[in-house]
1. Could you grab me the full set of residues in segment 91-148 that are closer than 17 Å to F65 by Cα and hydrophobic (A, V, I, L, M, F, W, C)?
2. So which residues in segment 117-149 are closer than 19 Å to K189 by Cβ and basic (K, R)?
3. Would you mind finding the one in V97, V51 that is in contact (Cβ under 8 Å) with a residue 60 or more places away in the chain and in contact with a strand residue (DSSP E or B) (Cβ under 7 Å, 6 or more places away or on another chain)?
4. Which residues, taken from segment 140-154, are part of a loop (DSSP other than H, G, I, E, B) and surrounded by fewer than 18 Cβ atoms within 10 Å (Cβ to Cβ)?
5. Could you tell me which of the residues I166, I172, I180 is touching a residue at least 24 places away in the same chain (Cβ under 8 Å) and not in a loop (DSSP other than H, G, I, E, B)?
6. Checking D157 against (1) within 17 Å of L31 (Cα to Cα); (2) open to solvent by 60 Å² or more (accessible area, probe 1.4 Å); (3) not in a helix (DSSP H, G or I), only one condition comes out false. Which one?
7. Wholly within segment 1-102, which helices (runs of 4 or more DSSP H) include no fewer than the required count, namely at least 3 residues that are open to solvent by less than 30 Å² (accessible area, probe 1.4 Å), within 28 Å of L126 (Cβ to Cβ) and at pLDDT 95 or above?
8. Mind checking which residues of segment 171-199 are among the charged types (D, E, K, R) and open to solvent by less than 70 Å² (accessible area, probe 1.4 Å)?
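The values are calculated or read from the model by the stated rules, or taken from the named source; none is laboratory data. These figures come from a predicted structure and were not determined experimentally. Note: ideal-geometry Cβ built from the backbone for every residue, glycine included; neighbour counts use all protein chains shown. These accessible areas exclude ligands, DNA and RNA; they are computed on the full protein's heavy atoms, side chains included. Shrake-Rupley method; radii C 1.70, N 1.55, O 1.52, S 1.80 Å.
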Amino acid sequence: MKTKRRLLLLLAPLLLTNLTSCDKNTYFVPLGDFSDELVLKITNSLNRKSVGYFAHSKMQSGELFKIVDSNASYYLDGKQHPFFSVAEKADLFIINVGIQDFLPSMTIDVSKNILDYDNDLLEKQLEVYQYHIYHTIEGISDINSKAEIVLLSAYNDYLFEKPEQILFNSVIRQINNELIEMTELKNVKYISLVGINEEIYQTDALDVNDYIVKSLEGYRL
C-alpha cells in the first residue's frame with residue numbers, strides 16, 4: 001500500500017516537551033494514527049514521558065510497517081534518532097491504525113446515509129493489513145522483547161441509520177478480528193474502543209480523544 005507521507009518524520013512543536021533524556025523503562029511510544037493533541041492527553045493522563053514522533057493523524061498500517069522495517073528516524077537539535085534506538089528503551093508501545101487503511105476506498109456520506117465499498121477489495125485490504133500489523137509487532141519484539149504492546153481497536157465514529165450502521169459495524173468487526181488474533185503474540189494486548197459512540201453521546205463532556213485516554217488509564221505508572 002503506497003503512502004505519500006515521508007518516513008523521516010518532522011518534529012511537531014506540541015510534542016517537543018515530551019522528549020527528554022530518557023532512561024530505560026520510563027517512556028512509552030505511540031505508533032500510527034495519533035494527533036498531537038491525543039499524544040499529549042495520553043502523556044499527561046498516564047503521567048509518564050512519551051516519544052511521539054513516529055505517529056501522526058490518519059497514518060495507515062503500511063507507513064507504520066515501513067517505519068519499523070526501515071528503521072526510520074526523526075531529528076532533534078541536529079541529532080538523528082533512529083526508531084531502533086528509541087524502541088529498545090521503551091517499556092510500552094501503543095498502536096492505533098484501526099480504520100485508516102480502509103476509509104479511502106469507501107464512499108461515505110452520513111448526511112445522506114450512504115455507505116458503499118467493494119467487498120472483494122476489502123478482503124484483499126484485510127490481508128495486507130494483517131501482514132503489516134503482524135510484521136510491525138514482530139519488528140518491535142525483535143528490538144525489545146520485554147516491552148508491552150497495546151493494540152487499540154478500530155471503532156465506528158459515524159452515525160448511520162440502519163442498515164448502513166449495521167453494515168459499517170460489520171467492517172469494524174472484521175478489522176478487529178485481525179487485531180485480536182495478534183494477542184497470541186508475546187506481550188500483546190488488545191483494548192476495545194467499539195463502545196466509543198454510545199458513551200460519547202451519553203456523556204456530552206466526553207470526546208473521542210477523552211474516551212481513548214480513559215481506556216488507557218490502566219497503563220499509568
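1. Passing the criteria: F93, I94, I95, V97, I99, F102, L126, V128, I133, I137, I140, I143.
2. K146
3. Numbers: V51 fails: in contact (Cβ under 8 Å) with a residue 60 or more places away in the chain.
After applying the criteria, what remains is V97.
4. Keep residues of segment 140-154 that are part of a loop (DSSP other than H, G, I, E, B), which gives 144-147, 153-154.
Within segment 140-154, S145, K146 qualify.
5. Working: I166 fails: touching a residue at least 24 places away in the same chain (Cβ under 8 Å); I180 fails: touching a residue at least 24 places away in the same chain (Cβ under 8 Å).
Of I166, I172, I180, the one residue that is touching a residue at least 24 places away in the same chain (Cβ under 8 Å) and not in a loop (DSSP other than H, G, I, E, B) is I172.
6. Among (1) within 17 Å of L31 (Cα to Cα); (2) open to solvent by 60 Å² or more (accessible area, probe 1.4 Å); (3) not in a helix (DSSP H, G or I), the lone unmet condition for D157 is (1).
7. Numbers: elements: 36-46, 61-70, 83-87.
Here the list reads 61-70.
8. Kept after step one, since they are among the charged types (D, E, K, R), are these residues of segment 171-199: 173, 178, 181, 184, 186, 189, 198-199.
E178, E199 - these are the residues of segment 171-199 that are among the charged types (D, E, K, R) and open to solvent by less than 70 Å² (accessible area, probe 1.4 Å).
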